[in-house]
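Student: Before I ask anything, let me first share the structure, which is written out below as structure tokens.
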Amino acid sequence: MNADEMAPEVRSILDAARDRGGGDGRVSVDPRSLADAFASAEADGRVPLIAEVKPTSPTTDGERRDDPVDLAREMVAGGAAALSVLTEPDHFGGSVETLERVRAAVDVPVLRKDFLLDEAALDVAEADVVLLIARFLGDDLEPMLAAARDRGFQVLVETHTRAELDRAVAAGAEFIGVNNRDLAELEVDLATFESVAPTAPESVTLIAESGIHTVDDVRRMRTAGADALLVGSAIMDGDVEQNTHRLTHARD
């Protein structure tokens, strides 16, 4: 995607990501299995859900000042199969320290949510899963996926269009997210997942991202083929444990 086609907020995030650089040395991770976590949730009657510890973002109002570790524990208590922790500091209020503290405090897989644009950025922190965004990586997606796996990371490849999903599949992605938010305009439409998901092979695990707020939204995404969901704002707004429980038990 051409930089001129992106929302100014997105261009600013990517510029900041390039300026942050990488870690001091190569990391090696022994990850908690995301596939097992999803399977355990299904067996327990829960909707597999990645709950996001998201203090703030360019698309939300206000800021959540609770201790992220407390929020993470509430999400797990509410039934979250895995957690997502923002490490982007300038626009999302995230940090590597928060990721490390949360991962040490819970026993579920933890996704590092950030804008990783080169191999050095993988070596900033240990996590069970890392996010790679197909739209921003272009032809670098496949080598970045390989580099992440070489370090032990599981990888969630985020897509928004059928072409991006096809590219993720061709690169060998096992976990593919379909973001209902258009990163060019930051607009959300749940029909995005419904349009893109049917092109995915059954062998991949599909995760619906963004715009999921209600039990009906959860059911809609599951009906459209979502194996799991990634939810942030709808959980962070109010009682975190109660919000998580409501969405993870949407099949009740």
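Student: Answer yes or no: is there a residue in the stretch 206-225 that is in contact with a strand residue (DSSP E or B) (Cβ under 7 Å, 6 or more places away or on another chain) and modelled with pLDDT under 95. Please lay out each step first, then the result.
Tutor: Start the filter on the stretch 206-225 by keeping residues that are in contact with a strand residue (DSSP E or B) (Cβ under 7 Å, 6 or more places away or on another chain), which leaves 206-212, 218, 221, 225.
With modelled with pLDDT under 95 added as a condition, the list becomes none.
No, the stretch 206-225 contains no residue that is in contact with a strand residue (DSSP E or B) (Cβ under 7 Å, 6 or more places away or on another chain) and modelled with pLDDT under 95.
Student: Looking at the stretch 89-136 only, could you name the residues that are among the aliphatic types (A, V, I, L, M), touching a residue at least 60 places away in the same chain (Cβ under 8 Å) and assigned to a strand (DSSP E or B)?
Tutor: First, the residues of the stretch 89-136 that are among the aliphatic types (A, V, I, L, M): 96, 99, 102, 104-106, 108, 110-111, 116-117, 120-122, 124-125, 127, 129-134.
Right, trim to touching a residue at least 60 places away in the same chain (Cβ under 8 Å) and you get 108, 110-111, 116-117, 120-122, 124-125, 127, 129.
Selection gives 110, 111, 129.
Student: Next question. Can you tell me which of (1) touching a Pro at 6+ places or on another chain (Cβ under 9 Å); (2) in a helix (DSSP H, G or I); (3) over 17 Å from residue 31 (Cα atoms); (4) not basic (Lys, Arg) is the one residue 66 doesn't meet?
Tutor: (2)
Student: If a residue must be of a type in the set (Gly, Ala, Ser), in a helix (DSSP H, G or I) and closer than 28 Å to residue 174 by Cβ, how many such residues does the stretch 4-34 contain? I'd like the intermediate steps shown before the answer.
Tutor: So the first thing to find is which residues in the stretch 4-34 are of a type in the set (Gly, Ala, Ser), and the list is 7, 12, 16-17, 21-23, 25, 28, 33.
Among the residues that remain, those that are also in a helix (DSSP H, G or I) are: 12, 16-17.
Pick out the ones that are also closer than 28 Å to residue 174 by Cβ and you get 17.
Residues that pass the stated criteria total 1.
Student: Does the stretch 158-180 contain at least one residue that is within 30 Å of residue 138 (Cβ to Cβ), open to solvent by 30 Å² or more (accessible area, probe 1.4 Å) and modelled with pLDDT under 95?
Tutor: no
Student: Ok, one more. Quick check on my filter: what residues within the stretch 17-31 are touching a helix residue (DSSP H, G or I) at 6+ places or on another chain (Cβ under 8 Å) and at pLDDT 80 or above? Even if it seems obvious, please write down each step before you answer.
Tutor: So in the stretch 17-31, the residues touching a helix residue (DSSP H, G or I) at 6+ places or on another chain (Cβ under 8 Å) come out as 17, 20-27.
Matches in the stretch 17-31: 25, 26, 27.
Student: I've got another one for you. Taking the stated definitions as given, is residue 34 modelled with pLDDT of 95 or more, touching a Pro at 6+ places or on another chain (Cβ under 8 Å) and not hydroxyl-bearing (Ser, Thr, Tyr)? Quick ask: steps written out before the conclusion?
Tutor: On the way: modelled with pLDDT of 95 or more: yes; touching a Pro at 6+ places or on another chain (Cβ under 8 Å): yes; not hydroxyl-bearing (Ser, Thr, Tyr): yes.
Here the answer is yes, as residue 34 does meet what is asked.
Student: Next question. Name the residue that is farthest from the chain's Cα centre (by Cα), counting only residues in the stretch 69-88 that are surrounded by fewer than 21 Cβ atoms within 10 Å (Cβ to Cβ) and either part of a loop (DSSP other than H, G, I, E, B) or small (Gly, Ala, Ser) (or both).
Tutor: Out of the qualifying residues, it is 77.
Student: If you don't mind, another one. Restricting to the stretch 137-155, name every residue that is without any contact (Cβ under 8 Å) to a residue 60 or more places away in the chain, out of contact with any helix residue (DSSP H, G or I) (no Cβ under 8 Å at 6 or more places or on another chain) and open to solvent by less than 30 Å² (accessible area, probe 1.4 Å).
Tutor: Keep residues of the stretch 137-155 that are without any contact (Cβ under 8 Å) to a residue 60 or more places away in the chain, which gives 137-150, 155.
Right, trim to out of contact with any helix residue (DSSP H, G or I) (no Cβ under 8 Å at 6 or more places or on another chain) and you get 138-140, 146, 149-150.
Within the stretch 137-155, 138 is the sole residue that qualifies.
Student: May I pose another question? Quick check on my filter: what residues within the stretch 181-217 are small (Gly, Ala, Ser) and open to solvent by 40 Å² or more (accessible area, probe 1.4 Å)? Break it down into steps so the answer makes sense when it comes.
Tutor: Let us first name the residues in the stretch 181-217 that are small (Gly, Ala, Ser), namely 184, 191, 195, 197, 200, 203, 208, 210-211.
Passing the criteria: 195, 203.
Student: Is it the case that some residue within the stretch 211-223 is closer than 25 Å to residue 251 by Cβ and in contact with a Ser or Thr (Cβ under 6 Å, 6 or more places away or on another chain)? Can you show your working first?
Tutor: Keep residues of the stretch 211-223 that are closer than 25 Å to residue 251 by Cβ, which gives 211-223.
Among the residues that remain, those that are also in contact with a Ser or Thr (Cβ under 6 Å, 6 or more places away or on another chain) are: none.
No - not one qualifying residue is present in the stretch 211-223.
Student: Taking the condition of being closer than 16 Å to residue 46 by Cβ and either more than 17 Å from the chain's Cα centre (by Cα) or open to solvent by 30 Å² or more (accessible area, probe 1.4 Å) (or both), how many residues in the stretch 218-239 meet it?
Tutor: The qualifying residues number 3.
Student: Another question, if that's okay. Have a look at 9, 52, 5, 63 and point out the one that is of a type in the set (Asp, Glu) and at pLDDT 95 or above. If you could, list the steps in order and put the result at the bottom.
Tutor: Numbers: 9 fails: at pLDDT 95 or above; 5 fails: at pLDDT 95 or above; 63 fails: at pLDDT 95 or above.
Selected residue: 52, the only one of 9, 52, 5, 63 that is of a type in the set (Asp, Glu) and at pLDDT 95 or above.
Student: Output the qualifying pairs, or none if there are none: Cβ atoms under 8 angstrom, residues six or more apart or on different chains, first residue in the stretch 176-195 and assigned to a helix (DSSP H, G or I), second residue surrounded by 18 or more Cβ atoms within 10 Å (Cβ to Cβ) and among the aliphatic types (A, V, I, L, M).
Tutor: 192/178; 193/178; 193/208; 193/221; 193/224; 193/226; 194/224
The values are calculated or read from the model by the stated rules, or taken from the named source; none is laboratory data. In this text the structure is predicted, and so the values were computed from the model without any measurement. Counting neighbours? That spans all protein chains shown, and the Cβs are built from the backbone with ideal geometry, glycine included. Calculation scope for accessible area: heavy atoms of the full protein, side chains included, ligands and nucleic acids excluded. Shrake-Rupley method; radii C 1.70, N 1.55, O 1.52, S 1.80 Å.
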